[in-house]
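Take a look at the structure below.
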Amino acid sequence: MNAIADMPSSASTAGAAVSTPPGAPLIEVRDLRKRFGDVEVLRGVDLQIARSEVVCIIGPSGSGKSTLLRCLAALETYDQGDVRIEGELLGYSERNGKRVRASPGEINRVRRNVGMVFQQFNLWPHMSALGNVMEALLRVRHLSRDEARRRANAMLDTVGLAHKGDAYPAKLSGGQQQRVAIARALAMEPHIMLFDEPTSALDPELVGEVLQVMKQLARDGMTMAVVTHEMGFAAQVADKVMFIDQGRIAVQGNPRDVFHDAGQPRLRQFLQNYFDRNAFWTREADDAPPL
Ligand SMILES: Nc1ncnc2c1ncn2[C@@H]1O[C@H](COP(=O)(O)OP(=O)(O)O)[C@@H](O)[C@H]1O
Ligand SMILES: [Mg+2]
């Protein structure tokens, strides 16, 4: 599935751009709860992401990281709490103090500035790299072909793939495919980018080129929420690291505090497991913190 290209058109319902007051969080989540059947997967998540902030979300498998990101992108409904994007409630409308499910058009309007990149790149195999980036610009944003091509080329240039516009996904490496997926999301001019383990499906030698693109995005001031197992990236790039465990944010803080002073037992265990698997990191200096 191509999530972005499959979004219903929001052009007819798009209102004027909503500007948030300076300093107001771009994303604000309060007491977010989500269950699948009997299982409460998100159990009261609170978080804020400010403009230009990079937040890395770490945590064990099954802790709710993907579900959280999917709720922020309205790819998943939520049961309770608030998700606000640039001040606007996502997924619901409030009328006379009562909450009702928002219409698809309204949901698309609120989430139109949220871009998402997945572990699986989900490029259309029958379209060139350029075609993949142009698709949503044509179908969702209704740009002219010339305008869509111009913007798509600029986005491929941003991810270092200006020369690969004509290449089909099968001819691209995993790292290149993921960079096309990033270009595709950026083409929609998002105010915030969500990444769900963007390098987890890649061969190790291809991880760096994707992280490099993400670092550049962060340097350029993009607001980002990144679910990742790349602790080095989190330590280097994140303004804030959040450790999610069993559907709650158990620890959050700047990377130094989270990685160096991991007092919370489950975080300590999580990091210990990680560094045991990546033992070469700690071999150099046994008594020094690994990062
Ligand atoms: N569509 C779904 N239906 C039922 N259970 C789900 C669904 N999506 C996720 N889950 C369950 O929710 C929990 C959290 O999943 P997920 O958010 O994918 O965790 P993470 O990304 O941290 O590994 C897991 O137990 C998973 O099996
Ligand atoms: Mg996940």
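The values are calculated or read from the model by the stated rules, or taken from the named source; none is laboratory data. In this text, all values refer to a predicted model and were calculated from it rather than measured experimentally. Ideal geometry is used to build each Cβ from the backbone, glycine not excepted, and the neighbour counts take in all protein chains shown. Note: areas computed on protein heavy atoms with side chains; ligands, DNA, RNA excluded. Shrake-Rupley method; radii C 1.70, N 1.55, O 1.52, S 1.80 Å.
Numerical summary
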| item | result |
| --- | --- |
| Residue satisfying condition, being more than 15 Å from ligand 1 (Cβ to nearest atom), more than 14 Å from V55 (Cα to Cα) and of a type outside the set (F, W, Y), within set R184, R256, R248, R219 | R184 |
| Restricting the stretch 45-83 to residues that are open to solvent by 10 Å² or more (accessible area, probe 1.4 Å) and polar (S, T, N, Q), the residue that is farthest from ligand 1 (Cβ to nearest atom) | S52 |
| So V39, is it of a type outside the set (F, W, Y), at pLDDT 95 or above, within 16 Å of ligand 2 (Cβ to nearest atom) and over 18 Å from the mean Cα position of the chain (by Cα) | yes |
| Selection status of E209, closer than 27 Å to A74 by Cβ and either touching a Pro at 6+ places or on another chain (Cβ under 8 Å) or in contact (Cβ under 8 Å) with a residue 24 or more places away in the chain (or both) | no |
| E197 vs. criteria within 16 Å of ligand 2 (Cβ to nearest atom), farther than 14 Å from V114 by Cβ and charged (D, E, K, R) | yes |
| Residue that is least open to solvent (accessible area, probe 1.4 Å) [pool: residues in the stretch 31-44 that are more than 9 Å from ligand 1 (Cβ to nearest atom) and on the phi > 0 side of the Ramachandran plot] | G44 |
| Every pair of residues 6+ apart whose Cβ atoms lie under 7 Å, when the first sits in the stretch 57-85 and is within 18 Å of P190 (Cβ to Cβ) while the second is more than 9 Å from ligand 2 (Cβ to nearest atom) and hydroxyl-bearing (S, T, Y) | C71/Y78 |
| Candidate set from the stretch 128-149 (those that are out of contact with any Pro (no Cβ under 8 Å at 6 or more places or on another chain) and under 15 Å from Q176 (Cα atoms)); member that is least open to solvent (accessible area, probe 1.4 Å) | V133 |
| P104 being farther than 25 Å from L172 by Cβ and either within 13 Å of ligand 1 (Cβ to nearest atom) or crowded, with 22+ Cβ neighbours inside 10 Å (or both) | no |
| Matching strands (runs of 3 or more DSSP E) fully within the stretch 167-257 where at least 2 residues are among the aliphatic types (A, V, I, L, M), in contact with a helix residue (DSSP H, G or I) (Cβ under 8 Å, 6 or more places away or on another chain) and open to solvent by 20 Å² or more (accessible area, probe 1.4 Å) | 248-253 |
| Any chance G115 is more than 16 Å from ligand 1 (Cβ to nearest atom), over 30 Å from V29 (Cα atoms) and open to solvent by less than 50 Å² (accessible area, probe 1.4 Å) | no |
| Failed condition for P198, given (1) free of Cβ contacts under 8 Å to residues at least 24 places away in the same chain; (2) in contact with a strand residue (DSSP E or B) (Cβ under 8 Å, 6 or more places away or on another chain) | (1) |
| Residue match in the stretch 151-159 (condition: farther than 30 Å from P25 by Cβ, surrounded by fewer than 21 Cβ atoms within 10 Å (Cβ to Cβ) and at pLDDT 95 or above) | yes |
| Some residue of the stretch 84-95 being surrounded by 20 or more Cβ atoms within 10 Å (Cβ to Cβ) and part of a helix (DSSP H, G or I) | no |
| Residue list for the stretch 112-159, restricted to those being within 23 Å of L211 (Cβ to Cβ) and among the charged types (D, E, K, R) | D157 |
